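Nothing in this text is a laboratory measurement; each read-out follows from the coordinates by a stated rule. Please read these numbers as outputs of a predicted model, since none were measured by experiment. Cβ atoms come from the backbone with ideal geometry, glycine included; neighbour counts cover every protein chain shown.
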Amino acid sequence: MKFIKYLIIGLILLGALAFGLFQISAVQDFIAKKAIEQQLQQENLSSDEDALSALVCGSRSPFPDPNRAETCILIKAGSDFYVVDIGGGSAMNLQMWQIDLSKLKAVFLSHLHSDHMSDLPGLHFNSWLAGRPSKLKVYGPEGVENLTDGFSQAYSMDTKFRVDHHGEGILPLSVAGYEPITLNSNGEVIIDNGNLKVTAFTVEHEPIEPAFGFRFDYKGRSIVISGDTLYSKNLVDNSKGVDVLFHDAISLDTVRMFREVAYEEGNKTLAKIIDDIQTYHENTIRVAELANEVEAGYLVYYHLIPSPRSDLAENIWTRGINEVRSKNWKLSKDGTLVTLPVGTDEIIFDAIE
Ligand SMILES: [Zn+2]
Ligand SMILES: [Zn+2]
């Protein structure tokens, strides 16, 4: 008994001492500096091994979610980075994870819905500051030039203020701005440098035309990103035997519940939007069937409509998928990382917090 009494007194004294120490400015500064050191540590994304990787920098659709950004996938092929779509909040994710954006080679926009491009100015600025050596290349459907011209104009004063304040040594004016490249509306191979081949192909997101999906092939490993689409024959043709298929999807059980509640509450606008979106996104089950059809090594759901915010919601969202595809599928979150090491058939999942 005595021992327990001394133990409790000892713990209280230790607690009081620790509390006292935390009140000392020098101790606070020491701890805060350690935390900042950790914050500024650059993510390697397995840079020491040759691989094709994908990091989900935004996993949600326009439905809000406090823990997710809108659509974004960062691709790393060898040491080069590419970004597919850059929706709201996703530029901050890349910044927070200390991705080395000096190695950003290009951005690919699947289509010009705002949840796929509204953070482009943030990515432009962060990569400029990181030392991107040329203007930011942005591939996208017709209208991409209008978009980048508009962003350049809207941010012209910001650009001037940044250069005036920090100097051209840090922010060279010659690489500020964008190089827009309009994708051929029939789809095409956009990059083929011997190691990496990037193919753009059209998908079914009517009335948004054209809308694109992208395939990345790097030294025998492959990733397909669907963009926003219904079941697409073109996507099937471009996804045969792919290692990892990222596909957007709508959970019908979940949106029907949203619709019922919206209708009961007299929110006719939301009820109408929910009716409309079901005509241009594929449902979770059909996506699983498609992944089986193309014999994808792994299916990763992204652009989740709407993204589940609890275990119960996730349970409802994923209903019925296992009955179609019993393994090798996954719901992504912001920070989901998949690595495909070259020369193997491994598919390795990890997460960046
Ligand atoms: Zn979308
Ligand atoms: Zn869309």
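A few points about this structure:
- Mean separation of Cα contacts under 8 Å (6+ apart) over length of the chain, as relative contact order %: 16
- Paramagnetic label zone (point 7 Å from Cα along Cα-to-C-beta, Glu314; backbone N under 18 Å) in region 47-72: 56-61, 65-69
- When you count the other C-beta atoms within 10 angstrom of each residue and take the mean per peptide, 252-258, 271-277, 67-73 line up highest first as 67-73, 252-258, 271-277.
- Pairs from Lys105/Lys160; Lys76/Lys333; Lys135/Lys160; Lys103/Lys137; Lys105/Lys330; Lys137/Lys330 whose Cα-Cα separation, in the structure shown, is over 21 Å: Lys105/Lys160; Lys105/Lys330; Lys137/Lys330
- Cα centroid of region 58-134 to Cα centroid of region 252-325, whole Å: 24
- Leading residue at positive end of dipole, region 45-351 (Cβ point charges), from Asn193, His111, His281: Asn193
- Each peptide among 16-25, 148-157, 304-313, 122-131 gets the average number of other Cβ atoms lying within 10 Å of its residues, and from highest to lowest they stand as 122-131, 304-313, 148-157, 16-25.
- Amide proton proximity set for Glu204, modelled H, under 5 Å, gap of 5+: Leu230
- Per-residue HN-Hα couplings for region 49-65 [Karplus 6.51, -1.76, 1.60; θ = phi - 60°; Hz; x = Gly/Pro]: 10, 6, 7, 10, 10, 9, 10, 7, 9, x, 10, 10, 9, x, 4, x, 7
- The chain: DSSP helices with Cα axial extent of at least 27 Å and average Kyte-Doolittle hydropathy no lower than -1.0: 2-22
- Each Cα pair under 8 Å and six or more residues apart adds its separation to the average, and for region 47-140 the resulting relative contact order is 25 percent.
- In region 233-333, GluC sites (Glu not before Pro) in a DSSP loop with at most 12 other beta-carbon atoms within 10 Å: Glu265, Glu295
- With viscosity 1.567 mPa s and temperature 4 °C, the Kirkwood radius over alpha carbon pairs of region 45-351 converts through Stokes-Einstein to a diffusion coefficient of 66 µm²/s.
- Largest mean-square fluctuation among Glu49, Glu209, Glu168, in a Gaussian network model of the chain whose springs join Cα atoms under 10 Å apart, belongs to Glu168.
- Förster radius 56 Å - calculated FRET efficiency between Lys5 and Ser114, Cβ distance, rounded to 0.05: 0.30
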